[in-house]
Amino acid sequence: MDGTLVDTERLWDVAVYELAEHMGRPLDDSTRERTLGNSLRGFFDILGEYTGRPVEGEEYERLAHRLNSRVTELMRTDMQWQPGAEELLEDLARTGTRVALVTNTEADVASVPLDFLRRDRFEVIVTGCMVADPKPAPDPYLLACRRLGVAPADTVAVEDSVTGATSAVAAGLRVLYVPSTDGQPDVPGARTHSGLAGMDVAELFSLTSGVPVGGPVGESGA
């Protein structure tokens, strides 16, 4: 969702960089890239390691609330589609393609972009609090497939982060990886593509039809 359908990673950037400053060490770009797509717990594990200030217990609850509140504030005033995402969702609906949304974002924060996207577009919604092991573990995608009643190998995932693409590959889906930021590495088993602009359902399925589940592929055309 974040970075794939809606352009919210820049809003997370603001909140994350502010939080690192609050914790006493300005965040560098390489560490920020490591946090992309992570669960809240995974994010704070990385940030705690980076700042030398482990985040546990009441400190975790306080800082998580601070981060989520700031992101929610930003989302309420500056939500935008990723290029091509709205048109692709409309084409998925037009063709009767069943759609699930799988995000590591926790339900209270996810509610803002979900309202923007329209929840009725998605037959199944899986948020970060619904599984014990969030992305990059396969559990969120496996749960989505179970709720849809489909086999992972017959399902396509579109992801924008290494964390998310790794999760979908591990779950056995065919994965289109559209990095939301520059400099992210390819993910073995996923097909890398430049973005969703101009893409319809036919192209989405064409791009992923040759992806061997669990096997590495190269970059597709722009």
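Suppose the filter is at pLDDT 90 or above, under 17 Å from the mean Cα position of the chain (by Cα) and small (Gly, Ala, Ser); does residue 42 pass it?
yes
Taking the stated definitions as given, is residue 73 modelled with pLDDT of 95 or more, assigned to a helix (DSSP H, G or I), not assigned by TED's automatic domain parsing to the domain that holds residue 187 and not polar (S, T, N, Q)?
yes
Name every residue in the range 8-39 that is of a type in the set (A, V, I, L, M) and either closer than 20 Å to residue 76 by Cα or free of Cβ contacts under 8 Å to residues at least 24 places away in the same chain (or both), in order of residue number.
11, 14, 15, 16, 19, 27
What helices (runs of 4 or more DSSP H), lying completely within the range 119-222, carry at least 3 residues that are surrounded by fewer than 21 Cβ atoms within 10 Å (Cβ to Cβ) and at pLDDT 95 or above?
Counting at least 3 such residues, we get 139-148, 201-209.
Return the total of residues in the range 163-207 being more than 18 Å from the chain's Cα centre (by Cα) and touching a residue at least 12 places away in the same chain (Cβ under 8 Å).
Count: 6.
State whether one or more residues within the range 30-44 are surrounded by 14 or more Cβ atoms within 10 Å (Cβ to Cβ), on the phi > 0 side of the Ramachandran plot and in contact with a helix residue (DSSP H, G or I) (Cβ under 6 Å, 6 or more places away or on another chain).
Within the range 30-44 (the criterion being surrounded by 14 or more Cβ atoms within 10 Å (Cβ to Cβ), on the phi > 0 side of the Ramachandran plot and in contact with a helix residue (DSSP H, G or I) (Cβ under 6 Å, 6 or more places away or on another chain)), the answer is yes, since at least one residue qualifies.
Just give me the residues in the range 3-29 being hydroxyl-bearing (Ser, Thr, Tyr) and surrounded by fewer than 14 Cβ atoms within 10 Å (Cβ to Cβ), in sequence order.
Once the filter is applied, which keeps residues that are hydroxyl-bearing (Ser, Thr, Tyr) and surrounded by fewer than 14 Cβ atoms within 10 Å (Cβ to Cβ), the range 3-29 yields nothing.
The values are calculated or read from the model by the stated rules, or taken from the named source; none is laboratory data. On a predicted model such as this, the values are computed, not experimentally measured, just so you know. So basically every Cβ, Gly included, is an ideal-geometry build from the backbone, and we count neighbours across all protein chains shown.
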